[in-house]
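The values are calculated or read from the model by the stated rules, or taken from the named source; none is laboratory data. All values reported here derive from a predicted model rather than from experimental measurement. Because the Cβ atoms are built from the backbone with ideal geometry, glycine has one as well, and the counts that use them run over all protein chains shown. Ligands, DNA and RNA are stripped out before the accessible areas are found, and what is left, the full protein with its side chains, is counted by its heavy atoms. Shrake-Rupley method; radii C 1.70, N 1.55, O 1.52, S 1.80 Å.
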Amino acid sequence: MKLLLYAALLVANATSPAAAQLKLPRLFSDHTVLQRDRPLHVWGWARADANAG
C-alpha cells in the first residue's frame, strides 16, 4: 500500500508546476513494474534551490 501511495505522490508532484524541473531516470517511466512490500529508492535531478517538499 505504501508503494502505491509513493507512486501516486510521485505522479501528483510531477504534474505540479513546482516539480516541473525534476528529472527522473528513464527507469521510472510508463508501465514500470515495482515490487510491493519492498523499500523503494527513487532518485532524480533538480535545481539546487528547488523545494524538497
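Can you tell me how many residues within region 42-53 are of a type outside the set (F, W, Y) and either at pLDDT 85 or above or surrounded by 10 or more Cβ atoms within 10 Å (Cβ to Cβ) (or both)?
So the first thing to find is which residues in region 42-53 are of a type outside the set (F, W, Y), and the list is 42, 44, 46-53.
This time we only want the ones that are either at pLDDT 85 or above or surrounded by 10 or more Cβ atoms within 10 Å (Cβ to Cβ) (or both), so: 42, 44, 46, 50.
Here the count works out to 4.
Take the conditions touching a Gly at 6+ places or on another chain (Cβ under 8 Å) and either modelled with pLDDT of 80 or more or open to solvent by 70 Å² or more (accessible area, probe 1.4 Å) (or both) and apply them to L9. Does it pass? Lay out the reasoning, then the answer.
Details: touching a Gly at 6+ places or on another chain (Cβ under 8 Å): no; either modelled with pLDDT of 80 or more or open to solvent by 70 Å² or more (accessible area, probe 1.4 Å) (or both): yes.
The answer is no for L9.
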